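Asks: Okay, here's the structure, questions in a sec.
The values are calculated or read from the model by the stated rules, or taken from the named source; none is laboratory data. Just so you know, these numbers come straight off a predicted model, no measurement behind them. Here Cβ is always computed from backbone atoms with ideal geometry, including for glycine, and neighbour counts include all displayed protein chains.
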Amino acid sequence: MASTDMNGVEISDSQAADIRDTDIVFDCPHCGSNLAIDYRGAGLQINCSQCNKSVLVPIPDGMQLTDLDLNPGDILKQLFATRRNFQKAELQIQNLKAKLVTMQEALGAMQAVVAEGLAI
Ligand SMILES: [Zn+2]
């Protein structure tokens, strides 16, 4: 049996066959059910698949939270940074396009001069 919580993290009973090596297995503090969750759920608040109460997924020893994009604030920061970079890139593209137009105009003028020269 597996269900997906509002964070899109899959929760399953530890008895289920679909547990991966990377899953975090722990007991629900409310009902004692043995739960297994994808390692990306470490540190997340989830709902127990048995009693439906909110449970904080333990962070396994040795796992660095900074390795994971779990903090919604951090994800937002990354998203904004990505957007900023994207806007910068867009701006650069616009600048390059403007330069290209200028260069094409210059090339056109040069070609006209060359054509004139050849015609003489
Ligand atoms: Zn429970």
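Asks: I'd like to verify a number: residues in segment 21-61 that are among the acidic types (Asp, Glu) and within 13 Å of the ligand (Cβ to nearest atom), how many?
Replies: Result for segment 21-61: 1.
Asks: Would you pick out the residues in segment 32-50 that are part of a loop (DSSP other than H, G, I, E, B) and more than 16 Å from ASP21 (Cβ to Cβ)? Working first, answer last.
Replies: First, pick out the residues of segment 32-50 that are part of a loop (DSSP other than H, G, I, E, B): 32-33, 38, 42-44, 48-50.
Across segment 32-50, the qualifying residues are GLY32, SER33, GLY43, LEU44, CYS48, SER49, GLN50.
Asks: As an exercise: evaluate ASP38 against (1) more than 23 Å from ASP74 (Cβ to Cβ); (2) modelled with pLDDT under 90; (3) crowded, with 17+ Cβ neighbours inside 10 Å and give the number of the one condition it does not meet.
Replies: Of (1) more than 23 Å from ASP74 (Cβ to Cβ); (2) modelled with pLDDT under 90; (3) crowded, with 17+ Cβ neighbours inside 10 Å, only one is false for ASP38: (1).
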